[in-house]
Amino acid sequence: MSHEPVTVIGLGPMGRAMAGALLLGGHPVTVWNRTPGRADRLVEAGATLVATPAEAVTASPLTILSLTDYAAMYRILGEHPDFLTGRDLVNLSSDTPDASRQAAAWAADRGARFVTGGIMVPAPAVGGPGAYVYYSGPGEVFAAHEPALRLIGDPRYLGGDPGLAQLFYQAYLNVFLTTLSGLLHSTAMVTAAGTPAADFLPDAMAMLTDVPAMVGSGAEIAAEIAAGKHPGDLSTVLMMGATAGHILRTSDQAGVDRALPAAVKSHYDRAIAAGHGTRGWTALYDVIKA
Ligand code: NDP
């Protein structure tokens, strides 16, 4: 079976990992990057480095973009690129859902088809077991390139709205980034007392994997939210809100930044004010959504 040529524009850690997975899968790979030296190892592995974005896009029916944001795509492709006609673009860069929708319309105006995506694993995990990628946009474009895209990670197609994959990506990254900030905030609280971070972080990391056992599976939480029922038989918003207050005061006493615990406490305060005090923690959804 012949493998379609694929172009990768953007060779940060993620773009390099994706280009490497495509090469390993037997695809002819063309690459372009603002800083060409980042292509060295890919060229050694068989990729073709070209000098301009126009050469890159016209080398393959499919171009994958892996950039810091969508502004970088416009900067690279230029205001009025005439080389996009008949090409398929899959942009796996982070931005907002609206930026993805605007880019799809921008590409369509220039004769290109556009799929947006969000890759859900770090660069070293690309192409390995457990790697998955959200996609949305025209289904026929996704289907045409699905064999190549599968080499990056398990593809999860969400539908025709090009903003949808980006929405899922940002929602997931919100969980990730908030968790990371929570970890570092808690570490700062502990180290302010002179305790080494190493005494605290192993247990904190272990707690992350215990969270589903503590609060239920995704399906169970989703069912509570869908039913609008938030059972408080094991723990209540009032109890957890009191703890949120203790965390904020402990932060203040430790002299560390208070923005994160203050935001969390505000969810509980508003839920209690709205009469959810005796319900379970999923009742916070109602005040957050509002
Ligand atoms: P990097 O920031 O390391 O690389 C970004 C790429 O964008 C580089 O090729 C860089 O070029 C290029 N770039 C940025 N701005 C411009 C510009 N103005 N003009 C031209 N080129 C530009 O990002 P990653 O490779 O880590 O990530 C790429 C995308 O993948 C991001 O959107 C990220 O959110 C997403 N992602 C990353 C993950 C990771 O673990 N790294 C995990 C999941 C998603 P140059 O080399 O010249 O600087």
Worksheet item: What pairs can you find where one residue is in segment 99-114 and within 18 Å of PRO61 (Cα to Cα) and not assigned by TED's automatic domain parsing to the domain that holds ALA71, the other is hydrophobic (A, V, I, L, M, F, W, C) and part of a helix (DSSP H, G or I), and their Cβ atoms are less than 6 Å apart, with a gap of 6+ or different chains?
Response: none
Worksheet entry | Test: ALA226 is outside the structural domain of MET120 (by TED's automatic domain parsing), under 25 Å from HIS276 (Cα atoms) and hydrophobic (A, V, I, L, M, F, W, C) | yes
Worksheet entry | segment 96-122, residues that are within 14 Å of the ligand (Cβ to nearest atom), surrounded by fewer than 16 Cβ atoms within 10 Å (Cβ to Cβ) and either among the acidic types (Asp, Glu) or farther than 24 Å from ASP154 by Cβ (or both) | THR96
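Conditions tested, residue by residue: (1) outside any helix (DSSP H, G or I); (2) within 28 Å of MET189 (Cα to Cα).
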{"position": "GLY232", "(1), (2)": "yes, no"}
{"position": "SER235", "(1), (2)": "yes, yes"}
{"position": "ARG249", "(1), (2)": "no, yes"}
{"position": "GLN253", "(1), (2)": "no, yes"}
{"position": "SER266", "(1), (2)": "no, yes"}
{"position": "ILE272", "(1), (2)": "no, yes"}
{"position": "HIS276", "(1), (2)": "yes, no"}
{"position": "ARG279", "(1), (2)": "yes, no"}
Worksheet item: Within the bounds of segment 62-69, is there any residue that is in a loop (DSSP other than H, G, I, E, B), away from the ligand (no atom under 16 Å from the Cβ) and free of Cβ contacts under 8 Å to residues at least 60 places away in the same chain?
Response: no
Discussion item. Among the numbered criteria (1) surrounded by 14 or more Cβ atoms within 10 Å (Cβ to Cβ); (2) more than 13 Å from the ligand (Cβ to nearest atom), which one does ALA51 miss?
Written reply: (1)
Worksheet item: Among the residues of segment 70-95, which ones are within 12 Å of the ligand (Cβ to nearest atom), loosely packed, with under 15 Cβ neighbours inside 10 Å and not in a helix (DSSP H, G or I)?
Response: GLY78
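The values are calculated or read from the model by the stated rules, or taken from the named source; none is laboratory data. It should be emphasised that the depicted structure is a prediction, and the values quoted were computed from it without experimental measurement. Please note: Cβ atoms are built from the backbone with ideal geometry, for glycine as well, and neighbour counts cover all protein chains shown.
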